[in-house]
Each structure stands twice: as C-alpha cells, then as structure tokens.
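The values are calculated or read from the model by the stated rules, or taken from the named source; none is laboratory data. Everything quoted here is computed from the prediction, not taken from an experiment. Positions of Cβ are generated from backbone atoms using ideal geometry, with glycine treated the same way; all protein chains shown enter the neighbour counts. For the accessible areas, the whole protein counts, side chains as well, though only heavy atoms, and no ligand, DNA or RNA atoms are used. Shrake-Rupley method; radii C 1.70, N 1.55, O 1.52, S 1.80 Å.
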Amino acid sequence: MPPTSKNAPGATLGHVGESTVPFELPSSALDGVGSRPFGVYVHVPFCVTRCGYCDFNTYTAGELGTAASPESWLDGLRRELDLAAKLLGTPPPADTVFVGGGTPSLLGADGLGDVLAAVRNSFGLTPDAEVTTESNPESTSPEFFAGLREAGYTRVSLGMQSTAPHVLKVLDRVHTPGRPTRAAVEAREAGFEHVNLDLIYGTPGERPEDLRASVEAVLAAGVDHVSAYALIVEEGTALARRIRRGELPPPNDDVLADDYELIDSMLTAAGLRWYEVSNWAASPEARCRHNFGYWLGGDWWGAGPGAHSHVGGVRWWNVKHPARYSSVLARGELPVAGHERLTEDDRHLERVMLELRLAEGLPLAALAPDEVERAHRAVADGLLDSAAAAEGRAVLTDRGRLLADAVVRRLVA
C-alpha cells in the first residue's frame, strides 16, 4: 500500500529532560547552499485535544501546564531562526515556508503573521515564495483567512479526514462534519487561490459510501489540491491501544487498496491529477512546492520543537519538548538533539524512495546496473510503465502506486 504518513519533518512525543549536542555544519554542506531549493518548516506543537491516531510532537494545554506557552515558543522560534541564519553564513531567501503542527491556526492570524515575520526577518523570502499554513477548520473564520492573506500567506491546508460522524469519532476528531468544506470556501473567498483538504482513508468502520461522500464534499468545495493518506496505526497512540484490546479491527490492506482506487478515480474524473502517490492537484501551479524540497533532496531548516532539518547531506533534529526547546535557545544555543551525515548509500536510497513516488518518476540513469535490471523486471510485472521505461524513466503504473513501498524494496534490494 502507499506509505501512510505525511511528508513533513515532524516528530513523536518528547520529554523535558532531553539533552542537546554541539552542532555545526561542515563546509561541504555549506558550499552548495543557495544553489538548491531552500525552504523553512516551522513546527507549532500546540493542540486543543489529542486525536487518537496522532503520534506527532504535539501537546495540549493540560499536558504542558505552565512549562511552555505560545509566547515562549515564539520567542524561541525567533532565536532559532536568527541562529540558523548565522550558521548558514549568507542564507538564501526562502523559496517556500510551511507552518505545520500541531494546530497552527490556534495562534490566530496575528500569531501566524508573527511567525512569517520572523522567517522574513531572518532569511527573507523570494518574490514568488509559497507560504503555507496548516489549519484546523474549527479554529478558522473568514476574518482569520483575511488576516492570513494580509500577512503574506499564499496557501492553506485544512484537515478534513472524513465527513462521516462515526469515522471522525473513531479518529477522535472534534470538528463538525461540514466545517472543513465551509472553511475551504471561506479561504477561497478571502483570496487564496491554493487550498488543500486532507483525507484519511481506511479508518475502522468507514464504508465505501462514507468515503465517496467525503470525496464528493471535497470536490464541491472547489479546492485545487487534495492529500489522501491511508490510516496508519502508530504504536503508543490511543487508536493502537483500542485495536490491541479488540475494540476496533486493524486497517485491512485490501480495503485500503480499494479506497485508494476510489479516491484516485473520483479526483481524476474531476480534473485533479496525481503528482505524488498521496497528492493530487488541479494544475502544476497548485502542487505543493514545499514538499518538492523534501522529495527532490533540497535544503530546509526545520524550526520548532522536534523539527527536522537537512542541508547538503547533513540531517539534524531538535529537542521535542517545548519547554526544553525554549530554555536551550534562551542560552543562545541551537536546540539540536542529534544529527547524522548521510552516506552515498543513504542518499541513493532516499532518492529512489521519494522520487519513485512522483508522477514524473525517477531517471533510470540514477540506478545502478543491477537496479536497472530489476526495474525492467518490474516493468514486465506491470509495476513500472513500459513507455516511460523506454524513454529512460522509472514511473509507477496504477498498480505500482498501490505497491509503491514494495517496488522500492525490489529496486534497491
């Protein structure tokens, strides 16, 4: 089945007593800064409630108490971005900014405006920068979207998951079924050309008619981008505990495949084309440019608790707890919990794994000779497109998309 997690540099739950490590970028990583796409990811770790399926690095007010607040987090964010700019030397302006979480919309339009101002002050933005924020539909309004536009945001991504109340209940989602599509319409009326709605499919108890109704609602909202993710049951979540106790059945692979085909056929018929296994867009302009930075090996700075970064083959990640994050930055230090220098084998594996998921696929020339042989066998098995292979590219067929992870394993075995 297609991979089920979002392609965002988030993190799992952390604790206050995390340690940091000394960190600096080698000159080999810094040499190419500015020649590759450069993005900024900002992680907002706050949520009103915790969804039963979520293992992202998020915290409710009750979990944090007085240990951290949006104000202390924003102070830390400003410090981190300033330190980042110094570490990079002459940092390139950001081509893309993505504010994720958590629930960024809890900050309000003014708070999100402050976030973007911090990025702009430390890095600057290219004239055509794509600036996205995720939002929970229940914490948005027409005034909220108007404020985002005024602040400089160009794109909004709204969590919808489903229109079926019983599906939302299993997921512990608190929004009312019709609110996400109304929010999407409000965003468009505020002047956002690019609006995304997220779907989750394969939830226990979701019927084909439930999924069809959800996709129909997405299309009626007139959005130009849809992301659809198969439900993954993460260890440590409330959903995993319910399945372990036998209260709910686990996701079924055959059902997930049927669901994916239903979503793809409905979106394609409506003019939204897949450009990555879990993403569909109405036009090339509607595609999420920020995610291409991850998929094509670009550079990005991930700011905020638990955020991951990558520059020139070096990857690092921040401490996860907001209180620890803020206290380290108050000392004038970067809140880096760990880092790694990717080997050539690491980078090759990640390139195959990520580029193969794209509609354009992967150049066969990027593969080793034995991998090319395996790619041709995958063509014979109907997993890779024969016409694309004749032109020198490995491109997943419709069947190959359903088995994307398995195809990757076949190529790089």
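Restricted to the range 293-311, and to residues that are at positive phi and at pLDDT 95 or above, which residue is surrounded by the most Cβ atoms within 10 Å (Cβ to Cβ)?
Looking at residues that are at positive phi and at pLDDT 95 or above, I get GLY304.
Quick test of your reading of the structure: MET266 fulfils all but one of (1) in contact with a strand residue (DSSP E or B) (Cβ under 9 Å, 6 or more places away or on another chain); (2) hydrophobic (A, V, I, L, M, F, W, C); (3) within 22 Å of ASN196 (Cβ to Cβ). Name the failing condition by number.
(1)
Taking into account only those residues within the range 394-406 that are open to solvent by less than 40 Å² (accessible area, probe 1.4 Å) and in contact (Cβ under 8 Å) with a residue 24 or more places away in the chain, which is nearest to ASP381 (Cα to Cα)?
Among residues in the range 394-406 that are open to solvent by less than 40 Å² (accessible area, probe 1.4 Å) and in contact (Cβ under 8 Å) with a residue 24 or more places away in the chain, the one nearest to ASP381 (Cα to Cα) is LEU396.
I'd like to verify a number: residues in the range 16-36 that are assigned to a loop (DSSP other than H, G, I, E, B) and either open to solvent by 70 Å² or more (accessible area, probe 1.4 Å) or not aliphatic (A, V, I, L, M) (or both), how many?
Filtering the range 16-36 down to residues assigned to a loop (DSSP other than H, G, I, E, B) leaves 16-26, 31-36.
Now narrow it down to the ones that are either open to solvent by 70 Å² or more (accessible area, probe 1.4 Å) or not aliphatic (A, V, I, L, M) (or both): 16-20, 22-24, 26, 31-32, 34-36.
Going through the range 16-36 one residue at a time, the tally reaches 14.
The conditions are (1) open to solvent by 40 Å² or more (accessible area, probe 1.4 Å); (2) assigned to a helix (DSSP H, G or I), and GLU340 fails exactly one of them. Which is it?
Result: GLU340 fails condition (2) only.
For the range 343-393, which positions are part of a loop (DSSP other than H, G, I, E, B) and either of a type in the set (A, V, I, L, M, F, W, C) or open to solvent by 50 Å² or more (accessible area, probe 1.4 Å) (or both)?
Across the range 343-393, the qualifying residues are THR343, LEU356, ALA359, GLU360, LEU367, ALA368, ASP381, LEU383, ASP385, GLU391.
Looking at the range 385-395, is at least one residue within 14 Å of ARG357 (Cβ to Cβ) and among the hydroxyl-bearing types (Ser, Thr, Tyr)?
no
Being farther than 15 Å from GLU216 by Cα and open to solvent by 60 Å² or more (accessible area, probe 1.4 Å) is the filter here, so list the residues in the range 247-286 that pass it.
To start, the set of residues in the range 247-286 that are farther than 15 Å from GLU216 by Cα comprises 247-258, 273-279, 281-286.
Of everything in the range 247-286, those that are farther than 15 Å from GLU216 by Cα and open to solvent by 60 Å² or more (accessible area, probe 1.4 Å) turn out to be GLU247, PRO249, PRO250, ASN252, ASP253, ASP254, VAL255, ASP258, ARG273, PRO284, GLU285.
Take the residues of the range 224-246 that are touching a residue at least 40 places away in the same chain (Cβ under 8 Å) and of a type in the set (Val, Ile, Thr): which is surrounded by the most Cβ atoms within 10 Å (Cβ to Cβ)?
VAL226
May I ask you to list pairs of residues, at least six apart or on different chains, whose Cβ atoms are under 6 Å apart, with the first in the range 63-85 being touching a residue at least 40 places away in the same chain (Cβ under 8 Å) and the second being open to solvent by less than 70 Å² (accessible area, probe 1.4 Å) and not in a helix (DSSP H, G or I)?
Within 6 Å, the pairs are LEU77/ALA303; GLU80/ALA303; LEU81/ALA303; LEU83/LEU334; ALA84/TRP301.
Among what's in the range 69-124 and is under 24 Å from ALA184 (Cα atoms) and among the polar types (S, T, N, Q), pick the residue that is modelled with the lowest pLDDT.
The residue in question is THR103.
Only one of these conditions is not met by THR237: (1) touching a strand residue (DSSP E or B) at 6+ places or on another chain (Cβ under 8 Å); (2) more than 21 Å from GLY400 (Cβ to Cβ); (3) of a type in the set (S, T, N, Q). Which number is it?
THR237 satisfies all of (1) touching a strand residue (DSSP E or B) at 6+ places or on another chain (Cβ under 8 Å); (2) more than 21 Å from GLY400 (Cβ to Cβ); (3) of a type in the set (S, T, N, Q) except (1).
Looking only at residues in the range 156-199 that are under 15 Å from SER214 (Cβ atoms) and among the β-branched types (Val, Ile, Thr), which one is least open to solvent (accessible area, probe 1.4 Å)?
Ranking the qualifying residues of the range 156-199, first place goes to VAL167.
Can you tell me how many residues in the range 214-223 are out of contact with any Leu (no Cβ under 8 Å at 6 or more places or on another chain) and either open to solvent by less than 40 Å² (accessible area, probe 1.4 Å) or of a type in the set (S, T, N, Q) (or both)?
Of the range 214-223, the ones out of contact with any Leu (no Cβ under 8 Å at 6 or more places or on another chain) are 216-217, 220, 222.
Okay, now just the ones that are also either open to solvent by less than 40 Å² (accessible area, probe 1.4 Å) or of a type in the set (S, T, N, Q) (or both), so 217, 222.
The qualifying residues number 2.
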